[in-house]
Amino acid sequence: MFQSKLASFLRRNKTLGLYSQIRDSSSRFSNESSFISSRLFSKSSTSFYTWRSTLYAYRSLNKGFPSRSSRNISTTATISSSSKEGSKMLITAGSHAQKLVGIWIFGSAAWVFSMVVLGGITRLTRSGLSMTDWKFTGSLPPLSEEQWLVEFDKYKQSPEYKRVNKGMTIEDFKFIYWMEYAHRMWGRGLGIMFALPFSYFLRKGYITVRLGVRLSALFALGAGQGLIGWWMVKSGLEEPESEYVQPRVSPYRLSAHLTSAFAIYCGLLWTGLSVVMPEPPAGSMAWVRGAAKLQRLVLPISVLVGITAVSGAFVAGNDAGHAFNTFPKMGDTWIPDDIFSMKPLIRNFFENTPTVQLDHRILASATLLSMGGLWWASRKLDLHPAIRSLIGSTMGMAALQVTLGISTLLSYVPVSLGSAHQAGALTLLTLMILLNHTIRRPSSTLLKSLGSVVRTPAASGS
Ligand code: HEM
C-alpha cells in the first residue's frame, strides 16, 4: 500500500515518475532468493525515456544475460544470492507477506504518531496527573458514582489539586481523568496490536532473523515507554521543593518520554520502509553518486532536527512557552540577562526557562537555514527526481514547523497550536527518515548491476 502511495506521489512529479516494485515467484521465494524489479519512467517535453532494471537473485542461479525490455532502454542484471551483501530483503515469503508486514509496521508507526499527539493534548489540557496510580496491565475506569468519588479523593491528595485545581468540580475531574485514561489505554492497545500480528508472522515464517530482532527491540522499547511514562507522572505527584512552584513533571523525564516515543516512531518507520523498499531507487550510477554526496549533508541535518525536537521537549517540560511570548526578540532584548543564572552552568540548558527557549529558537533557526542550504546545494547535483521532490517537501515542512512554533509562542500555547506544532515535528522527522532511507547506499549487488546498465540509442532520445 505504502509502495503504491509512494509510486503515485512520485508519478505526480511532472518531469519524471518512478514506479518501483518488488515481486517474487511465490513458492520459489526463500531467504536466499529475491526478485526485485524497478521501472523508471522519464518524460521531457520532447522525448520519453524509460529505464527498466531488474534484479534476480536465485539460490543457485547465475544466468548473467540481460533480457530485453519492452521499453526503450532495458537492462537486466542478474546477481547471485550467495553474494555477501546480496539481497536486502527482510521478508522471506513473497510479495503478499511483504505487503501484510508492511501494512502492519506502517499501521503501528501511525498508531505511535497518534499516541504522541494524544499525549501532547493530555499534557496541554493539564490532564496528565489525574490518575494517581498505575498498573502495567491497566484497569477498568470508574464505573459508578462511588468509584468516581474514590478516584477524585485520591486526586485531591495530589499537589496539583491542592495548588492548581482546588475547588475543581467532579465533572471537570472526569474530563482530565478520561484524557489520561485514553492515553494509557491507547498505548496498551498499540502493544496488543503490535504483538498479535508479530507472533502470527513469526509463526508463519514470514520474517527474517534480522527483522525479528529489530522488531523485538522496538517492542521492548514500547513496553519500556509505559514504564517511562509512569516514572514521569510520579515526579509530578511529588510535593515541589518550594511552595511557590507549580507542581509539574520533571522536564528530564518528560523529554525522556518524548524522545523515546520519537525513537520508536522513527525505528518503526525505517523498518517499514526497509520491508517495502529493500533497495533505494537507483536508476543510474550518476544518481547513486549524487545521493552519496547528498548523504554527507543530510545526515548532520537529521541530527540537528533530532536535537531541535528534543530541545522542544525541554521547552514543553519547563512550560517555557508561557514566557517571552514575542518574536524574534525575547521581551525587549535579543538575549535575556539571566540565561546563566543557575549553577552549575549546564543546568541552565535544561531547567532555566529563558535559556531553554533561546536554545530552541537558535536550534530551530539553524535547522531552517541548513535545510535551505541543503535545498540550494542539491540544485547542482544529479539526483533521482524522487529525492529532489523529497528535499522540496522537507524544506517546506521545516518552514511550516517554524511558523507553527512562532504562532504557538505568540498565542501563549493554545492546545490546538501546541499539538499542531508537535505533530509538525513528527511530520518533519517522517520526511527526514524518508529522505535518509531514499538516499542510502544500494547493496553491492545492485551497484554491480547498475554498472552494467547500457543505454540504447533509441533511449538516448536523440
Ligand atoms: C524545525 C523547527 C522546530 C522543531 C523541530 C520543533 C520541535 C518542537 C517539539 C518536538 C516540541 C515539543 C512538543 C510537545 O511536547 O508538546 C516543541 C515545543 C515548542 N516549540 Fe518548537 N520546534 C521548532 C521550531 C520552533 C520555533 C521557531 C519556535 C518559536 C520561536 C518554537 C516554539 C516552541 C514552543 C513554545 C514549544 C512548547 C509548546 C508546548 O508547551 O507544548 N518551536 N517544539
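Odds and ends about this structure:
- The one condition from (1) modelled with pLDDT under 95; (2) touching a Ser or Thr at 6+ places or on another chain (Cβ under 6 Å) that Leu446 does not meet is (2).
- Residues (within 16 Å of the chain's Cα centre (by Cα) and farther than 25 Å from Leu417 by Cβ) located in the range 302-354: Ser302, Val303
- Residue selected from the range 209-245 under the condition of a type in the set (Lys, Arg) and either touching a helix residue (DSSP H, G or I) at 6+ places or on another chain (Cβ under 9 Å) or within 21 Å of Arg184 (Cα to Cα) (or both), by the criterion surrounded by the most Cβ atoms within 10 Å (Cβ to Cβ): Arg214
- Number of the exception - Ala291 against (1) within 25 Å of the chain's Cα centre (by Cα); (2) modelled with pLDDT under 95; (3) under 30 Å from Ser419 (Cα atoms): (3)
- The condition of being surrounded by fewer than 18 Cβ atoms within 10 Å (Cβ to Cβ) and among the β-branched types (Val, Ile, Thr) holds for only one of Val116, Val164, that being Val164.
- Some residue of the range 341-354 being within 13 Å of the ligand (Cβ to nearest atom) and modelled with pLDDT of 95 or more: yes
- Against the test of being assigned to a helix (DSSP H, G or I) and within 30 Å of Gly424 (Cα to Cα), the options Leu190, Leu149 yield a single qualifying residue, Leu190.
- Of residues in the range 403-422 being part of a helix (DSSP H, G or I) and near the ligand (Cβ under 6 Å from one of its atoms), the one farthest from Met330 (Cα to Cα): Gln422
- Residues of the range 113-140 classified as away from the ligand (no atom under 16 Å from the Cβ) and closer than 25 Å to Ala423 by Cβ, total: 2
- Given (1) within 16 Å of the ligand (Cβ to nearest atom); (2) at pLDDT below 95; (3) not in a helix (DSSP H, G or I), number of the condition Val233 does not satisfy: (3)
- Scanning the range 319-366 for residues that are surrounded by 20 or more Cβ atoms within 10 Å (Cβ to Cβ), closer than 15 Å to Thr408 by Cα and touching a Ser or Thr at 6+ places or on another chain (Cβ under 8 Å) yields Ala320, Gly321, His360, Ala364.
- Test result for Pro240, away from the ligand (no atom under 13 Å from the Cβ) and either assigned by TED's automatic domain parsing to the domain that holds Ile176 or at pLDDT 95 or above (or both): yes
- From the options Leu446, Leu417, Leu410, residue that is under 28 Å from Asp337 (Cα atoms) and among the aliphatic types (A, V, I, L, M): Leu410
- If the condition is being farther than 21 Å from Ile307 by Cα and either buried (at least 19 other Cβ atoms within 10 Å of the Cβ) or not polar (S, T, N, Q) (or both), then the range 391-412 contributes Gly392, Leu410, Tyr412.
- Residues (more than 7 Å from the ligand (Cβ to nearest atom), farther than 22 Å from Ile433 by Cβ and of a type outside the set (Lys, Arg)) located in the range 285-319: Met285, Ala286, Phe314, Gly317, Asn318
- Any hit, the range 258-276, residues being polar (S, T, N, Q), within 14 Å of the ligand (Cβ to nearest atom) and outside any helix (DSSP H, G or I): no
- Residue match in the range 320-331 (condition: within 28 Å of Gly373 (Cα to Cα), more than 13 Å from the ligand (Cβ to nearest atom) and modelled with pLDDT of 95 or more): no
- Scanning the range 375-389 for residues that are in contact (Cβ under 8 Å) with a residue 12 or more places away in the chain, assigned to a loop (DSSP other than H, G, I, E, B) and surrounded by fewer than 16 Cβ atoms within 10 Å (Cβ to Cβ) turns up at least one hit.
The values are calculated or read from the model by the stated rules, or taken from the named source; none is laboratory data. Bear in mind the structure is a predicted one, so any value in this text is a computation, not a measurement. Using ideal geometry, Cβ is built from the backbone for each residue, glycine included, and neighbour counts are taken over all protein chains shown.
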